1. Taking neighbour counts of Cβ atoms within 10 Å as a proxy for exposure, in what order, fewest first, do A:TRP634, A:TRP33 appear?
2. What are the equivalent ellipsoid semi-axes of region A:237-325, built from the alpha-carbon gyration tensor (square roots of five times its eigenvalues), in whole angstrom, biggest first?
3. Normalising by the residue count of region A:1-121, find the relative contact order in percent from Cα pairs under 8 Å and 6+ residues apart.
4. Once the Cα atoms of region A:318-383 are picked out, what are the Rg and Dmax in Å?
5. Tally Lys and Arg at +1 and Asp and Glu at -1 over the other residues with C-beta under 11 Å from the C-beta of A:LYS631: what net charge comes out?
6. What does the net charge come to around B:GLU137 if you take all other residues with beta carbon closer than 15 Å to its beta carbon, with K and R at +1 and D and E at -1?
7. For helix A:53-66, report the angle its Cα long axis makes with the longest principal axis of the Cα atoms of chain A; keep it between 0 and 90° and round to the nearest 10°.
8. Using the Cβ atoms and a cut-off under 12 Å, what net charge is assigned to the surroundings of A:TRP185, where Lys and Arg are +1 and Asp and Glu are -1?
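None of the figures in this text is laboratory data; all of them are computed from the coordinates on show. The model shown is predicted, which means the values in this text are computed figures rather than measured ones. Glycine also receives a Cβ, built like all others from the backbone with ideal geometry; neighbour counts cover every protein chain displayed.
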Amino acid sequence: MIPQRQILWNVPPLALDLLYALTALSAAWITFWFVRRSRLWARGSAATDQLGWRAGLARLIAYLVSHRKFASDRYAWWMHLLIFWGFVALLIATALVAIQHHGNVVFLTGRTYLLFSLGADLGGLAFSVGIGMALWRRRSQAALGRLLPSPSTTMVLWLLLSIAVSGFALEAARIARDFPPFEVWSPVGWVLALGFELVGLSGETAVPVHRALWLFHAALVVGFFVVIPATVLRHIVTAAYSVARPAGRPGLLHEPSLPVIGPADLAHFRRFDLLQADACLSCGLCAQACPAQAAGKPLSPRSVMLSLRRHLDEPRTPFTSHVADDALWSCTACSACDLACPVNIHIFEKIVALRRGRVAVGELPEPAAEALEATAQKFNPFGKANSSRMEWASGLTVPVAGDGEPVELLYWVGCAGAFDPAGREVTRAMIRILNHLKVSYRVLGCSERCSGDPARRLGEEGLWRELAQVNQRQFAKHRVQTVLTHCPHCLHAFKNEYTAIGPMPRVLHHSQWLRERIADGTLKLRAAGTEKLTFHDPCYLGRVNDETEAPRHVLGAMYNGRRVEMPLSGKQSFCCGGGGGQIWLDVKGRDRIETIRARQVEETGAQTVATGCPFCRVMLEAGRGSLDSGKGNWRVKDIAELVVENLVTSEVR
Amino acid sequence: MKVFVQVWCEIDPTLNVRIDRQTSQPVAEPGDQLRRASLLGRAGVAAAAKLRPASLTAFALGAGHADALRYALAAGATRAIELTTDGPDGEAFAPAALADWFAAQAADLLIADRLAGLIAARLGWSHLAGLEDLQAESSRLRALRVLGRGDRERVSARLPAAVRLQSDSRAPYVSRARLEAVAAQPIERIVLPAAPALPAIGPVQINRPRARVSQTPAPAAGSASDRLQALMGGNKSSVNAGPRAAKTAATPDQLAEEFVRYLLHHGLLPIGKR
């Protein structure tokens, strides 16, 4: 007996015609929905970067093969991998059947048929198991609050499971008619067919059952097509497009193509941003990673995306009716959500787009308005006279760049480094190191202005651009070759965002520069005492700028073997709570972000927590102070301060 | 409703400023920005914009206030006017000419600094000072008057009126994008006749300085100075809320002190004129 089967056996021709007609109608409906939706997406501004199809396809395939963005959640990784590859196997099987049936070619025969049967069965099994896992997670995680109750998603999952199960039942009924021995290569169908036989559904009695099951299965498949656009299934198209585009750097902002002078509108988003609203799976990974949510603040990154989608559904209602102001101003700009999103949605950029709308109409929290006003008038968000920028240098020899003097190494002090008392200590430590190493460097003194990073993250794009242009002119005037900064926010602005305006010199974080000095042997450090140390990765150094090694390398030179890691470290670091303008804002939650981080430090048992950001330093100190009495017996130091403590010389102590 | 709001640029009071000996001009330290759009003027524009008037005109007395006028346009003003005089410095305004100009504009509400009292006196308009939370209803203006130390009273006045806001009124932030959007909008320049001679502030008023809006006396505030501060714009405004209390009798010394401060406030004494 040659292993093969009659395609579409026992299917009434009228039913088949009806299936094709309904499938065509479904395809028309899907096309209609996406065309109508794309008109709404098109109300956004065009992206400056274009998607190269070849590169996009390669990215998509690499993504689908590895499912790498799910790696942080193994359950989700297995679940989606099984669903996706099971679905692909079933899709291929259906396509092969259709080709054989309509192409009048018989290739599903003999060994090919056996492999086809086995592959289709295993694909269906994987798909069923994946859907089962999804249903289980929906049930278990809904209770934990990670997944929002969504009847439509639950319905879709049951629909998919029904399609898979009815497909197996259909196969079983076909096998149960005469049990051809080669059908053991359809193991699931064979086992079910044995079950059918046990209840008396074998031989000719299986024929009407098979026909009924085929009709039921076909109806479910048509139902699947119909619900694609209106449910989470639309992500098959939108999420595929989202991951096909370059993932981009978390936290990176793009300049809006139109100046924002009114409340947020679809035109204030990029088309791609609007499409991503439809790509959101509502999986809650972003919410799980969000420090504001962990502190019980009103922000949920997922809600922002769902609100954006609601706005697409009802474009006439203002955004303010979808996203509460408190939620918008709770964001710390840490971009943990961007990194966590399995389909590469940059949620923070959407939050900033909404903030821009609020800033444009002057409706922003008073501390944020004061910080922006101060930045606009005094060129620093601390509201201090810019002429007092060099007060930190009292008692130190600090060379200030002369008018038009070429500068090989510019040490960028930054606003926190110039005005904040703790930040000044970091600056003074850096100056001691630079002077100790007899490096030729300059500072800009009172010509330095805010990098504009806080303004941009608060939604004041125009002020950011204005400051960026002034600072770039300064760099050009002094023909700066390298900018050295201890502030990761300035680093990010210069390295990744100023480049959209004009060319920039090389930009280094002080940890990177110190690593280079250790490597070239100019910086010699002695081992610190016996204390344990942990490192808090600043979001804009680790997560955003991929630099997690340089600070550890420098610390390793002093604390070798005594450095302990917090569970949330490196690119997964937990925010200090001071980014995105939060150092000035203070939206109330049930807890404080800096306190949560301080507790995480406390759990390591370290006596010192090092960091590489003046804002993190302030916030960690605040968090330490907020711990219960008896706790917080550790100190917060910047890398530069620890280097000064452990320089192999006594003259700079 | 036609609203006029005075705006101006001022020296940032939080900076260290010195006078250049050569030019006799104020100079800021390197790195600082000497002037800023007055916060009180900006608060005035914001308060006026909240009234949703048919036209909101921002004006500045003299040249050098273009930045403040641009702020006003960005914050919702429909016109920006730079008033100058045909005198040598363009800034010695004749009170009569200013008052005539406002009368000719058929303004319903003028929000200004010290100018408000002068115009109210000249034109017989209602005058209130130390206000916040302005609201216009038909032909009346309602507002909260700040008495100091957290005390406030509700006041109302018949329109047209000339008012001064509370000096620490917060000016809402105006984004750079909005400023850029109005950068090309024209600033009208209107030349008024200059005052013939000093003092430019005008003659001592013979008539009652401002129109009164009610016969009900205002309640006493926490102290005489608070009361004085609150009543700079008028001592017969109607009071619709707040604890009612009989007016306390002041001593002759207190009355004299109040009178002198009143004259100083309106620039009617040569000393202490700002």
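1. On the way: A:TRP634 22, A:TRP33 14.
Ascending number of Cβ neighbours within 10 Å: A:TRP33, A:TRP634.
2. Each semi-axis is the square root of five times an eigenvalue, giving 20, 19, 14 Å.
3. Working: 32 pairs, mean separation 53.5, N = 121.
The normalised contact order for region A:1-121 reaches 44 percent.
4. Expressed in Å, the Cα Rg and Dmax of region A:318-383 come to 13.7, 41.
5. Net charge in that neighbourhood comes out at -1.
6. Local charge sum for B:GLU137: +4.
7. The angle comes out near 80 degrees.
8. Values: positive: A:ARG5, A:ARG111; negative: A:ASP121, A:GLU171, A:GLU183.
In short, -1.
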